[in-house]
Amino acid sequence: MATGDSVRVRDARARAQERMTQKGSLLHQLGWVVIIVVVASSGYGDPTPGIHGRRLGITIALVVYVLLLIASLHLPERLNSHIPLQTALILLIGAAGVALVVLQPDSSTDLAPSVAVWIAAVRLSPISLTAVVGGAITVAMAVVSGLTEHPAGPSVVAAILLCVLLAMMGHFMRRSQEGEDRTEILLAQLEDARDAETAAVAVAERSRIAGELHDVLAHSLSGLAIQIEGARMLADREEISPRLKQTIGRSAELVKDGLREARQAVGALHGDQLPGVDQLPALVERFGQDADLETTFTVAGAVRPLSRDVDLALFRGAQEALTNIARYAPSSVAEISLRYSESAVALTIADRRTGSAPPARPVLAGVGGGNGLASMRERVERAGGTVHAGPTADGWRVELEVPA
């Protein structure tokens, strides 16, 4: 088995090996049928097996033939590809079968040597070796039949036809098996090639989208960063309140973060590393500083690596939920918790109002496309998870749960 094979190709090879084992089991059964037929034919032949003279020779030839055929049927799998050993074993089976034909010319033992021709066609390769071994046994059987049976012509023709027929059957069985195995492996490799082609097309499309995003976002965000930097420098020269200066400075930092995340998104399309839950503490801390909110972040359970889709879905979900808090509940306290269980990972983002009255709708409430929660839900569902969002007694709560 090639070390570079894909899982699909390895499965195809495993199925081919399983079919080979099933075929070996069938050959074992056929081999025992042949042994029974040959022993029965020899027992009813003339002369019959015995312990004296010619009858002793029949007994020895029959025992040797049966033992060699059993050895061939139960040869260890690692020796099935040992061509010299297989060749020697088949020639010995053929020789023992020919000896039975010589010693019992009036019995139906012609099957004994012809089975060796069939085994050669099934097991030996290349085809030239099969032809040489099978041809040698066939010629020997034909010569013996011509010398021991009368009339000689029909006996020789029958012996040759029997060997040729069994050789063709064995050859077609082997070619059929090899063709089936080869076809299944080629189909698996074709599926791999199609998957690779699809992946290449997807990479090319992502690269095209990445280029478009880079051009649009880099241009717009860079222009915004220049404008905010100009506003900050103007604020330094003008007599404005420190709080306004601080807001402008924070805006500049947000634009820088936006540029960094835009580059990260473009890099993700190119196959770069994506953000995950390991970056949640930094995200929560940065959010609290930028939005001037009190935030808490806790982790419960045994921390463990997550899949790429789950990792990204949780991070983007937290990012969207925190952005919504900044838009709609700027006077709240944000509480973020990450919980690991045996079968799932849950992320909860909740805001809690600090004042007695609901906060006024801020300017940021109108920012964005209004599809953040829907996009969050779609991303989490693609990762196999669920999203629950709704009001609480004093705020809003979003919970994301995905299988670990």
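The values are calculated or read from the model by the stated rules, or taken from the named source; none is laboratory data. Keep in mind that what you see is a predicted model, and the values were worked out from it rather than measured. Every residue, glycine among them, receives a Cβ derived from its backbone with ideal geometry; neighbour counts consider all protein chains shown. What goes into the accessible areas is simple: the full protein's heavy atoms, side chains included, and nothing from ligands, DNA or RNA. Shrake-Rupley method; radii C 1.70, N 1.55, O 1.52, S 1.80 Å.
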If we keep just the residues of the range 236-274 that are part of a loop (DSSP other than H, G, I, E, B) and among the acidic types (Asp, Glu), which is modelled with the highest pLDDT?
-> 238
Taking the range 326-344 as the region of interest, how many residues are touching a strand residue (DSSP E or B) at 6+ places or on another chain (Cβ under 6 Å), at pLDDT 85 or above and under 20 Å from residue 388 (Cβ atoms)?
-> 7
Taking residue 76, is it under 29 Å from residue 127 (Cβ atoms), surrounded by fewer than 19 Cβ atoms within 10 Å (Cβ to Cβ) and modelled with pLDDT of 80 or more?
-> no
Of 167, 152, the only residue that is at pLDDT 85 or above and of a type in the set (Gly, Ala, Ser) is 167
Kindly indicate the residue of the range 128-142 that is of a type in the set (A, V, I, L, M, F, W, C) and free of Cβ contacts under 8 Å to residues at least 12 places away in the same chain and also surrounded by the most Cβ atoms within 10 Å (Cβ to Cβ) among those meeting that condition.
-> 131
Taking the condition surrounded by 17 or more Cβ atoms within 10 Å (Cβ to Cβ), part of a helix (DSSP H, G or I), modelled with pLDDT under 80 and over 40 Å from the mean Cα position of the chain (by Cα), does residue 107 pass?
-> no
Output yes when any residue across the range 199-221 is modelled with pLDDT of 85 or more, part of a helix (DSSP H, G or I) and open to solvent by 70 Å² or more (accessible area, probe 1.4 Å), and no when none is.
-> no
Residues in the range 283-325 that are open to solvent by 60 Å² or more (accessible area, probe 1.4 Å), part of a helix (DSSP H, G or I) and acidic (Asp, Glu): how many?
-> 2
Flag for residue 185 being closer than 15 Å to residue 101 by Cα, surrounded by 15 or more Cβ atoms within 10 Å (Cβ to Cβ) and β-branched (Val, Ile, Thr) = no
Just checking, how many residues over the range 61-83 are over 37 Å from the mean Cα position of the chain (by Cα) and free of Cβ contacts under 8 Å to residues at least 12 places away in the same chain?
-> 2
List every residue pair whose Cβ atoms sit under 7 Å apart, with the two residues 6 or more apart in sequence or on different chains, where the first one lies in the range 47-60 and is free of Cβ contacts under 8 Å to residues at least 12 places away in the same chain and the second, anywhere, is assigned to a helix (DSSP H, G or I).
-> 48/55; 50/56; 50/59; 51/59
Considering only residues that are under 14 Å from the mean Cα position of the chain (by Cα) and outside any helix (DSSP H, G or I), look in the range 1-36 and name the one that is modelled with the highest pLDDT.
-> 6
Hey, could you check the range 147-182 for residues that are of a type outside the set (A, V, I, L, M) and open to solvent by 70 Å² or more (accessible area, probe 1.4 Å) and say which is farthest from residue 114 (Cα to Cα)?
-> 182
Flag if residue 84 is exposed (fewer than 14 other Cβ atoms within 10 Å of the Cβ) and either among the small types (Gly, Ala, Ser) or out of contact with any Phe, Trp or Tyr (no Cβ under 7 Å at 6 or more places or on another chain) (or both) | yes
Report yes if some residue within the range 22-32 is open to solvent by 30 Å² or more (accessible area, probe 1.4 Å) and within 30 Å of residue 143 (Cβ to Cβ); otherwise report no.
-> yes
